[in-house]
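Enquirer: Structure provided below as structure tokens; questions to follow.
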Amino acid sequence: MTTAFHAPAGATDLPIEDIPEVLAQGGDWDDVLHEIEAITSERIVVNLGPVHPATHGVLRLILELDGEKVRETRVDTGYLHTGIEKNMEYRTWAQGVAYCTRMDYVAPFFQEAAYCLGVEKLLGIEEDIPERASLIRILMMELCRIASHLVAIGSTGNEMGATTIMTIGFRAREEILRIFERITGLRMNHEYIRPGGVVQDIGEGTSDYIRDRLRRARKDIGELQDILVENPIFKKRLCDVAVMPLSGLMALGTTGPGVRAAGLPLDLRKSQPYCGYENFEFDVPTRDKSDVYNRTMIRFDECYESMRIIWQVLAKLDQCEGAPTMVADPEIAWPARLAVGTDGQGNSAEHVREIMGESMESLIHHFKLVTEGFHVPAGQVYQTVEHAKGILGVHLVSDGGTRPFRAHFRDPSYANLQALAMMTEGGQLADVVVALAAIDPVLGGVDR
């Protein structure tokens, strides 16, 4: 298109017929942009982190930018390295729980369960674990799944400026943490699941307490959905952002909500059940596209499925109240029965009375098992569980001693972070934090 422009009369001393025409032709601006690109190779490199409130911990992202567009994303980990796996080689098999529970501190029971299931396989006592202990393990893991998803949803909202989303999400999570505190004495770093079972039973009246707290949490989750699911601002910010094809997710080893959002119902609780998950009715939620919005919706769906499982577990726990929660073998079973009080967790008064004043044999056994530990036959095992963030695996190697020769974890946060570059490159800088929030990594598990 060509437009002729004539200067208005009186704008010049020249006769009107002598004023030249100025032509503006379409495409001129595109030519200018192409010329700028041809003569300019400058890029801006930005460090996002390692100390940044939107990187889920001390994660460092090195971003090469062309204006607002991300040309390259590099993920730099290791700033929270604690040496957990190496330290486990210098502690007894039972003491290893105290280390691995601190990896993904947002979802600690998954590490405890995977590790203990692996130790029990090496010991050959999988069939000896009491049913009530397995039920309690499932209960704690599903509560943990809800708590982890609430952190993911709440922090996603907060990182986009919606602080209300975080406060409601953390309010719901608080109900879960109160359940943990009632059962284990602690809100995190529980060391509750042990090789052979669990440290102690859930206590009288705890089933009704859990039901009451879950109803409150469910109300808060529903409030979050009312605010977010059809919110036009939320959908514009999350829909079609950080889209990943299923083929790319599988090639990069991604698991968890991201894969299920792409349409693949990959869930080890269904495909490779453990702890008795095959005895419960629940669905594996899926969506048709793995973008940030659908990954968030999957987490909402999974919270409700976890509640379905918990209601079923509580019914079974009510039926077997008083049953054992630890294997009968005294060479393996943790000797203490702990007591939960207002000051935390410690040995029960009855146990202290027995070992300190009534039975020298009990004292000797307690001392040897706690300080020396039990021997595990030589061999190796790989155990997996369905973590809130994806597949968690543990590889344990025993040389026949009382401590692991090697303990190594396949943490889902670490594996899922491999997809961040593909999610963000070519997109906008503002979408990097949104994409990272959809992965929901916890750096304790990444660096371990």
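Enquirer: Just wondering, is there one or more residues in segment 223-240 that are touching a residue at least 12 places away in the same chain (Cβ under 8 Å), in contact with an Asp or Glu (Cβ under 9 Å, 6 or more places away or on another chain) and under 27 Å from residue 115 (Cβ atoms)?
Expert: Checked segment 223-240: no residue is touching a residue at least 12 places away in the same chain (Cβ under 8 Å), in contact with an Asp or Glu (Cβ under 9 Å, 6 or more places away or on another chain) and under 27 Å from residue 115 (Cβ atoms).
Enquirer: Within segment 268-286, track down each residue that is in contact with a Phe, Trp or Tyr (Cβ under 9 Å, 6 or more places away or on another chain) and buried (at least 17 other Cβ atoms within 10 Å of the Cβ).
Expert: Once the filter is applied, which keeps residues that are in contact with a Phe, Trp or Tyr (Cβ under 9 Å, 6 or more places away or on another chain) and buried (at least 17 other Cβ atoms within 10 Å of the Cβ), segment 268-286 yields 268, 269, 285.
Enquirer: Sort out which residues of segment 287-324 are surrounded by fewer than 20 Cβ atoms within 10 Å (Cβ to Cβ), of a type in the set (Lys, Arg) and outside any loop (DSSP other than H, G, I, E, B), and write them in order of number.
Expert: Once the filter is applied, which keeps residues that are surrounded by fewer than 20 Cβ atoms within 10 Å (Cβ to Cβ), of a type in the set (Lys, Arg) and outside any loop (DSSP other than H, G, I, E, B), segment 287-324 yields 308, 316.
Enquirer: In addition: Quick check on residue 187: is it of a type in the set (Lys, Arg), closer than 29 Å to residue 327 by Cβ, open to solvent by 20 Å² or more (accessible area, probe 1.4 Å) and not in a helix (DSSP H, G or I)?
Expert: Here the answer is yes, as residue 187 does meet what is asked.
Enquirer: What strands (runs of 3 or more DSSP E), lying completely within segment 41-138, carry at least 2 residues that are of a type in the set (Ser, Thr, Tyr)?
Expert: By residue number, no strands (runs of 3 or more DSSP E) qualify.
Enquirer: Could you please give the count of residues in segment 190-234 that are assigned to a strand (DSSP E or B) and either modelled with pLDDT of 95 or more or hydrophobic (A, V, I, L, M, F, W, C) (or both)?
Expert: Qualifying residue count, segment 190-234: 2.
Residue by residue, here is whether (1) over 22 Å from residue 303 (Cα atoms); (2) among the β-branched types (Val, Ile, Thr); (3) open to solvent by 30 Å² or more (accessible area, probe 1.4 Å) holds:
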{"position": "154", "(1), (2), (3)": "no, no, no"}
{"position": "161", "(1), (2), (3)": "yes, no, yes"}
{"position": "170", "(1), (2), (3)": "no, no, yes"}
{"position": "179", "(1), (2), (3)": "no, yes, no"}
{"position": "208", "(1), (2), (3)": "no, no, yes"}
{"position": "217", "(1), (2), (3)": "no, no, no"}
{"position": "229", "(1), (2), (3)": "no, yes, yes"}
{"position": "245", "(1), (2), (3)": "yes, no, yes"}
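Per-residue answers, yes or no, for (1) in contact with a Ser or Thr (Cβ under 7 Å, 6 or more places away or on another chain); (2) open to solvent by 30 Å² or more (accessible area, probe 1.4 Å):
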residue	(1), (2)
53	no, yes
61	yes, no
79	no, yes
88	no, no
103	no, no
108	yes, no
118	no, no
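The values are calculated or read from the model by the stated rules, or taken from the named source; none is laboratory data. If you're wondering where the values come from, they're calculated on a predicted model, not measured in any experiment. Note: ideal-geometry Cβ built from the backbone for every residue, glycine included; neighbour counts use all protein chains shown. Just the protein is used for accessible areas: all its heavy atoms, side chains included, with ligands, DNA and RNA removed. Shrake-Rupley method; radii C 1.70, N 1.55, O 1.52, S 1.80 Å.
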